[in-house]
């Protein structure tokens with residue numbers, strides 16, 4: 001059973017999706033990649049096929065602590081169109097569990113009313129879709145149980161924010177140093 005599930009749809013932004021998975025695994029966070037396409041291989045926005053750990057129907061959400069949504073214009077639209085995932089996101093937010101989204105994907109949270117009164121960030125041009133949010137110009141923003149990221153260039157910031165959420169600032173800072181991250 002995973003602590004974190006990262007969801008992939010056709011057209012996902014490869015760096016956004018895989019960087020956070022890589023950083024979580026380096027920090028020993030139990031993370032599983034999940035396809036919402038019905039196929040274990042999902043093709044990203046730059047035509048890179050990536051093999052997922054599970055299909056959506058194989059996921060047991062019982063012990064999960066966080067759902068992660070990578071961006072990419074087409075990927076975000078495809079994630080949002082997958083209603084079973086939207087129901088899980090709504091349930092997670094209602095239960096006070098964590099949701100993280102980067103690039104265009106925070107718009108999903110805005111559309112569903114999950115950013116009301118929250119600080120958040122997204123890819124430039126999507127700000128109006130973060131309904132109820134205060135836009136904070138940072139690479140990654142955590143407000144309570146919601147983490148948002150700006151875009152591909154902030155993928156490490158986003159991944160480290162997730163690591164900090166689970167393991168604390170000291171672990172996130174040590175990991176940043178280990179990977180030679182310069183902010």
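Brief remarks on what is shown
- Selected from 59, 42, 99 as most flexible by GNM, with the chain as the system and alpha-carbon contacts under 10 Å: 59
- Remark: 28, 53 ranked as 28, 53, counting other beta-carbon atoms within 10 Å and listing the fewest first.
- Helix-only mean residue ellipticity at 222 nm for the chain, each DSSP H run of n ≥ 4 adding -39500 (n - 2.57), per residue, nearest 500: -10000 deg cm²/dmol
- Residue exposure sequence - 3, 164, 83 - by fewest surrounding Cβ within 10 Å: 83, 3, 164
- Along each principal axis, Cα extent of the range 47-135, largest first, Å: 35, 35, 18
- Distance distribution note for the chain: the fraction of Cα pairs above 26 angstrom is 20%.
- Residues 52, 24, arranged from fewest to most other Cβ atoms within 10 angstrom of their Cβ, appear as 52, 24.
Read the figures in this text as sums done on the coordinates, not as results from a lab. Predicted model, so just to flag it, every value in this text is computed and none were measured. Glycine gets a Cβ as well: all are built from the backbone with ideal geometry, and neighbour counts include every protein chain shown.
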